[in-house]
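Structure, as C-alpha cells:
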2 protein chains.
Amino acid sequence: MLEIISRGETYGYEITQQLRELGFTDVVEGTVYTITLRFEKNNLVNIEKKRSNVGPPRKFYTLNEAGQEQLENFWRKWNFVSSKLNELRDKGGK
Amino acid sequence: MLEIISRGETYGYEITQQLRELGFTDVVEGTVYTITLRFEKNNLVNIEKKRSNVGPPRKFYTLNEAGQEQLENFWRKWNFVSSKLNELRDKGGK
DNA sequence: ACTGGTATAATGTAATACAGAATAGTGTAT
DNA sequence: ATACACTATTCTGTATTACATTATACCAGT
C-alpha cells in the first residue's frame, strides 16, 4: 500500500480496487482502511480531502518523508527476506 | 520453520541456530518456541523426546501429513505474493 | 422513496510477533 | 562440592496486525 500510494495520490477505496486488480482479489475495504488509518497514526502520509461528484468526499494520501523512508525500509527487508526464502525453497536440503 | 523441519527431524534450539545461520541473526529462542508450540497446538508435527548427552532432553519434531500440506500451502501463497510484490517493485508506476 | 455504486469510520475478535524470565540438565574446570 | 558455560524448554506478558462486520453518508437515476 505504501508503494501504491508512492505512485501518486490516491485514496482508500481506490487502493482497494488496485489491490484487487493486482490479484489480491479478496481484500475488502475494512482491511485497507485499518491500514490507511495506521499510516495516519504513524505519520507516514499527508492527507487531503477532496469532494467527488460521484459520492462522498475522498481522503487522498501522499507519502511524506517518513513514509518514503518506511517504504524504502520495507523494500530492503523484503529483498532480504525474499532472497533468503527463495534460497530455502530452491536449493534443497541442508 | 516448517520447511526446516521438513528437511529432517530437529528441535527448537537447533532451529534457532539454523535460522541464525540462514541470516536471521537476531531471532531468539523465545520466538522460535512460540512457533513450535503453535505447530503442536495445530497438530502439524509429530513429537519425539530424546535425551541428550550435552544437556536437557530435546523435543524432536517431524512434519505429519497436515504439516506437509500446510508447508505446500505456504509455498503456494509465498509464490503468489512474492511474484506480485516483485512485479510491483520492478515494473515502475501504473 | 429506493436502489446501486461510491466512500469512510467505528468496532470487535483472533492470531501473530517477539522478548524476557524462569527452570533445568550436562560436562568441565576449579 | 560448586561454580560456570552451554544446551534446552517453558511460561508469561505486551503490542501489533490481520481481517471482517456494521454503521454511516453522499450522489445519481428511476
Practice prompt. Excluding residues on the same chain fewer than 8 positions from B:LYS77, give the lysines whose Cα lies under 20 Å from its Cα.
Written response: A:LYS77, A:LYS84, A:LYS91
Practice prompt. Note down the relative contact order for chain B as a percent, whole number, built from C-alpha pairs under 8 angstrom at least six residues apart.
Written response: 28 percent
Worksheet item: What does the convex hull of the Cα atoms come to per residue for the protein assembly as shown, in Å³?
Response: 150 Å³
Discussion item. Tell me the Kirkwood radius of segment B:2-90: reciprocal of the mean inverse pair distance over distinct alpha-carbon atoms, in Å.
Written reply: 14.4 Å
Discussion item. To confirm my reading of the symmetry, which residue of chain B has the Cβ nearest the axis that brings B onto A, and what whole-Å distance does it have?
Written reply: B:SER82, 3
Worksheet item: Taking the label point as lying 7 angstrom from Cα along the Cα-to-Cβ axis, what are the distances from B:ASN73 to the corresponding position in the remaining copies, in ascending order and in nanometres?
Response: 3.2
Worksheet item: Which distances, shortest first and in nm, link A:LEU37 to the matching position in the other copies, using label points set 7 Å out along Cα to C-beta?
Response: 3.0
Worksheet item: What nm distances, shortest first, do you get from the label point of B:ASP90 to those in the other copies when the point sits 7 angstrom along Cα to Cβ?
Response: 1.2
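No value in this document is a laboratory result; all are computed from the given coordinates. It should be emphasised that the depicted structure is a prediction, and the values quoted were computed from it without experimental measurement. Virtual Cβ from ideal backbone geometry, glycine too; neighbours counted across all protein chains shown.
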